[in-house]
Amino acid sequence: MRASQRAQAVQPFYAMEFAKRAQALETQGHHVVKLNLGEPDFGAPPAVLSALQKVADGRPLPYTGATGLLELREAIAGFYRQEHDVEVDPRRIIVTAGASAALLLVSAALVDAGDKVLISDPSYPCNRQFAESFGAEVILVPTTPESRFQLDLPAVKAHWADDTRGIMIATPSNPTGTSIDTAELRNICDFARSRDAWRIVDEIYLNLGTRDAAGRAPASVLSVDPDAFVINSFSKYFGMTGWRLGWCVVPDAFVPVMERLAQNYYICPSTPAQFAALECFTPQSLQVAEDRREEFERRRAVVLAGLEAAGLPVPVLPDGAFYVYFDVSGTGLSAWDFCERALAEKHVALTPGKDFGPGGADRYVRLSYSASVAELRQGLSRLAEFTADLQP
């Protein structure tokens, strides 16, 4: 027997590889500061936990419909209305077994073998792995600090071909924590639409983006492109990583397509998780989520100051998510060597740029500030010691 060519082509997720190494060090009795994974340390809002306890009272928990509970889809539609001033028909919202399942369904619905798909470099590796698993030829479009490590219209046009079928965008981005300006996002989407190409926009970190002077959340792509395929999750803003619950918003014509795919791929999302997630959209839980978003902004300030003190420049200041993408080229080490040695010598786990594309693989490192302030301060202090040790 042999593994399929598809399985053999999938690259390791290096953030998880470093997590395994960190775990091994911890089993040896070391305290490892883990700044490599994008996992909020808060957990689900209290009301969500209470709701899960209530639903786990012995009652039957049968399959829901493949597209999710109608009540939850309606609650998500209300969230778009309240937070982003966008009207979305609940029918178009597909609740999924995590954002990964949303990407699975959307990729299966849109990608044919040989299709060219544009994705920025750097970008979250699993996005391109999904597209490639369905036979796409992924074109990684290099980005720079000048474009905030995001796609812009000139770059999209420069890499467009007659057989380009779609584009995948993440805003705010993992690994950089940077967003695309709404006007530029509109320009990109308009260009792709004019060529009958689909647009997948990952908005998993959207509500962790910096609010404007009036306190408004960042705009959803749906405000400028109602037919975009939008990916979102309960994992980040609501802190529900292990619950494996997400959603996507799709054009109306694709609802039956997504339903058929979900029925065949995983039947339905978790029933208890869906019932509990209804509590995410109460005023109390939304306030909890907002308080935590503000805490992430405080953590970001701590990290930026700590990296500056350690002599590790951040070429673009993040405005969302909980990541900082910093430059290690001045240390004389590659990003991979920097991460390996920081873990082995100072017990700080980070993620090398190799995870996110070839462009910055040797130069950039991702730090996740989803850990507590105390852990962040200790990790940054260790990194400052590490960079000082590297000085001749």
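General observations
- Where a residue in segment 84-102 is among the hydroxyl-bearing types (Ser, Thr, Tyr) and its partner, wherever it lies, is open to solvent by 30 Å² or more (accessible area, probe 1.4 Å), with Cβ under 7 Å and at least six apart: Ser100/Cys126
- Hey, Val324 modelled with pLDDT of 95 or more, in a strand (DSSP E or B) and either touching a Ser or Thr at 6+ places or on another chain (Cβ under 6 Å) or within 24 Å of Ile119 (Cβ to Cβ) (or both) or not: yes
- Scanning segment 344-369 for residues that are assigned to a helix (DSSP H, G or I) and open to solvent by 10 Å² or more (accessible area, probe 1.4 Å) returns Ala344, Glu345, Lys346, Lys354.
- Residues of segment 118-148 that are among the β-branched types (Val, Ile, Thr) and either outside any strand (DSSP E or B) or out of contact with any Leu (no Cβ under 9 Å at 6 or more places or on another chain) (or both): Thr143, Thr144.
- The set of residues from segment 257-280 being open to solvent by 70 Å² or more (accessible area, probe 1.4 Å) and either of a type in the set (S, T, N, Q) or closer than 12 Å to Arg244 by Cα (or both) comprises Gln263, Asn264.
- Residue match in segment 240-247 (condition: open to solvent by less than 40 Å² (accessible area, probe 1.4 Å) and part of a helix (DSSP H, G or I)): yes
- Qualifying residues in segment 1-30 (those that are touching a residue at least 60 places away in the same chain (Cβ under 8 Å), part of a loop (DSSP other than H, G, I, E, B) and under 27 Å from the mean Cα position of the chain (by Cα)) - the one surrounded by the fewest Cβ atoms within 10 Å (Cβ to Cβ): Gln11
- Residues that are in a helix (DSSP H, G or I) and within 22 Å of the chain's Cα centre (by Cα), drawn from segment 53-74: Leu72, Arg73
- Qualifying residues in segment 82-91 (those that are out of contact with any Asp or Glu (no Cβ under 6 Å at 6 or more places or on another chain) and in a helix (DSSP H, G or I)) - the one most open to solvent (accessible area, probe 1.4 Å): Gln82
- Inter-residue pairs, beta-carbon under 8 Å, first within 14 Å of Leu307 (Cβ to Cβ) and buried (at least 16 other Cβ atoms within 10 Å of the Cβ) and in segment 375-391, second among the hydroxyl-bearing types (Ser, Thr, Tyr) and modelled with pLDDT of 95 or more, 6+ apart: Leu376/Tyr369; Thr387/Thr331
- Here Ser372 clears all of (1) under 20 Å from the mean Cα position of the chain (by Cα); (2) of a type in the set (Gly, Ala, Ser); (3) open to solvent by less than 30 Å² (accessible area, probe 1.4 Å) except the condition numbered (3).
The values are calculated or read from the model by the stated rules, or taken from the named source; none is laboratory data. These numbers come from a predicted model, not from an experiment. Here Cβ is always computed from backbone atoms with ideal geometry, including for glycine, and neighbour counts include all displayed protein chains. Calculation scope for accessible area: heavy atoms of the full protein, side chains included, ligands and nucleic acids excluded. Shrake-Rupley method; radii C 1.70, N 1.55, O 1.52, S 1.80 Å.
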